[in-house]
1. Could you look through region 310-355, keep only residues that are surrounded by 13 or more Cβ atoms within 10 Å (Cβ to Cβ) and among the acidic types (Asp, Glu), and pick out the one that is farthest from TYR407 (Cα to Cα)?
2. Looking at region 223-262, which of its residues are out of contact with any Gly (no Cβ under 7 Å at 6 or more places or on another chain), aliphatic (A, V, I, L, M), within 13 Å of LEU49 (Cα to Cα) and open to solvent by less than 30 Å² (accessible area, probe 1.4 Å)?
3. Does any residue of region 356-374 turn out to be open to solvent by 60 Å² or more (accessible area, probe 1.4 Å), under 19 Å from THR266 (Cβ atoms) and not aliphatic (A, V, I, L, M)?
4. Report, by residue number, each residue of region 125-147 that is touching a residue at least 40 places away in the same chain (Cβ under 8 Å) and open to solvent by 50 Å² or more (accessible area, probe 1.4 Å).
5. Taking region 118-131, which residues are assigned to a loop (DSSP other than H, G, I, E, B) and closer than 22 Å to ALA189 by Cβ?
6. Answer yes or no as to whether LEU332 is over 24 Å from the mean Cα position of the chain (by Cα) and touching a residue at least 40 places away in the same chain (Cβ under 8 Å).
7. Among the residues of region 406-423, which ones are open to solvent by less than 20 Å² (accessible area, probe 1.4 Å) and either among the acidic types (Asp, Glu) or part of a helix (DSSP H, G or I) (or both)?
8. Just one of the numbered conditions (1) modelled with pLDDT of 60 or more; (2) touching a Phe, Trp or Tyr at 6+ places or on another chain (Cβ under 9 Å); (3) under 30 Å from SER298 (Cβ atoms) is not true of TYR407; which one?
Amino acid sequence: MKKFFNYINKEVLVQSAGLNSANIGLKILSGILISKFIAIYIGPYGMALIGNLRNFLSVIQSLAISGLYKGVVKFISQVKNDTVALTKTLSTVFYFGFFSSMLLAILCYYNAEFINDLLFASNYRYTYIIETLAIVLPFYALNMFAFSIMNGFSKHKYLLIINILGQVLGAVVTLILIYQENINGALMAIVITPALNLLITIVGIAFRKSFITSLKITEVSLSVLKNLSPYMIMALVSAIAIPVVMIIIRNYLISEIGVKGAGYWTAMTRISDYYLMFINSLMALYILPRFSEINSKSEFKREVFSFYKTVMPVFLLLLFLIYICRSLLVNLLFSEEFRPVENLFGYQILGDIIRVLAMVIIYKFLAKKMFGHFLILEIFLFIIMYFSSVFLIDEFGVKGAVMGHFYSYLLYFAIILLIFNSSLFGILNDEGLDQTNK
């Protein structure tokens, strides 16, 4: 417990104050402003269409960089003092990412009409948005590549500045486009703002010419890709599964309940994203590196329950206040037209509580490279969330979507507890060995 608080005070809060808090604070502020503009100038139907495009963009961006970001950050931090290994890593990732993003861009451009029908249904024609996304996709991949380099070299100061400038630029462009072009402007802003960030990133790395000279196609190495492949697979499954199921559920809501109902659910998920940013940041800063160091079940058990005892009560208090003030929040973030969103808070918050409880333990899979367990659980969550949401939407309407969210994570958490039953609830000896299985 003492070690947990010391780490939080000396490491996590320092890093959060320097990088994460500033970035997350700006994300939330810009998100609130953008949500308000969408509510005023477009309404619930626009919220639904924007939600589908956001989810699709999340999937396509992850595919464009082939899930390489986290693995690259880790590898660069390990080989940054080895010129040969660093050159191979940078060259392999750059060229692999470049060709995969170009291939994906071509596929998106020439299948824009098909993608439009998947995201917006045939009565909405936004193929030019998909074509624009395809054109700017390689720029996004290049931006993420530059970010991974700076992150791997621990250039947090530059990342902070770039993130702040990017958030401000993106928010300004989005608000102007929504004001001038309504739904068309909002959709265009979603696809172009990530690419605009490249302009800022280029300035940030311009002085490091050694990065450019390290990119040699002759240094592309299959062994580097092989080492990165587990991270790629895990990142892709994690980044793709939930956005895809959200698109499917939203489309089902649109077809069965109507586009406004889908807009209310999307508004609720946006609120959820805002308050989960802080807890996810804290887990990434503390839980993942800490679990990487743990080699015994007793330490794992101690860290999990320390998090539950120290962080979760604060998180629960925050969620309780959000629930009590839900009417005020809906009015602040959206408009009177979004009043039905108030009825969705209960199950969404309960589901998010279970989700956080589960994620603390799931980080064990990531830290210890338990790739098989992680993939099976993510696919299971994808399937159970879809079927439970569809069944409950048929029974309860829009509220069924948030009920599906809660019951899916409840079952997900129960399975995780079964997997880690001996580690969390078994009787351990001084060496952290499970005595219940002897």
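The values are calculated or read from the model by the stated rules, or taken from the named source; none is laboratory data. Everything quoted here is computed from the prediction, not taken from an experiment. Heads up, the Cβs are rebuilt from the backbone with ideal geometry, glycines too, and the neighbour counts pull from every protein chain shown. All accessible areas refer to the heavy atoms of the entire protein, side chains included, with ligands and DNA or RNA removed. Shrake-Rupley method; radii C 1.70, N 1.55, O 1.52, S 1.80 Å.
1. GLU337
2. ILE247, ILE249, ALA262
3. Quick first cut of region 356-374, residues open to solvent by 60 Å² or more (accessible area, probe 1.4 Å) only: 368-369, 373.
Filter once more, so that each one left must be under 19 Å from THR266 (Cβ atoms): none.
Checked against the condition, which is being open to solvent by 60 Å² or more (accessible area, probe 1.4 Å), under 19 Å from THR266 (Cβ atoms) and not aliphatic (A, V, I, L, M), region 356-374 yields no hits at all.
4. PHE139, LEU142
5. Answer for region 118-131, where residues must be assigned to a loop (DSSP other than H, G, I, E, B) and closer than 22 Å to ALA189 by Cβ: ALA121, TYR124, ARG125, TYR126.
6. Here the answer is yes, as LEU332 does meet what is asked.
7. Restricting attention to region 406-423, the residues satisfying the condition of being open to solvent by less than 20 Å² (accessible area, probe 1.4 Å) are 408-409, 412, 416, 420, 423.
Of everything in region 406-423, those that are open to solvent by less than 20 Å² (accessible area, probe 1.4 Å) and either among the acidic types (Asp, Glu) or part of a helix (DSSP H, G or I) (or both) turn out to be SER408, TYR409, TYR412, ILE416, SER423.
8. Failed condition: (3).
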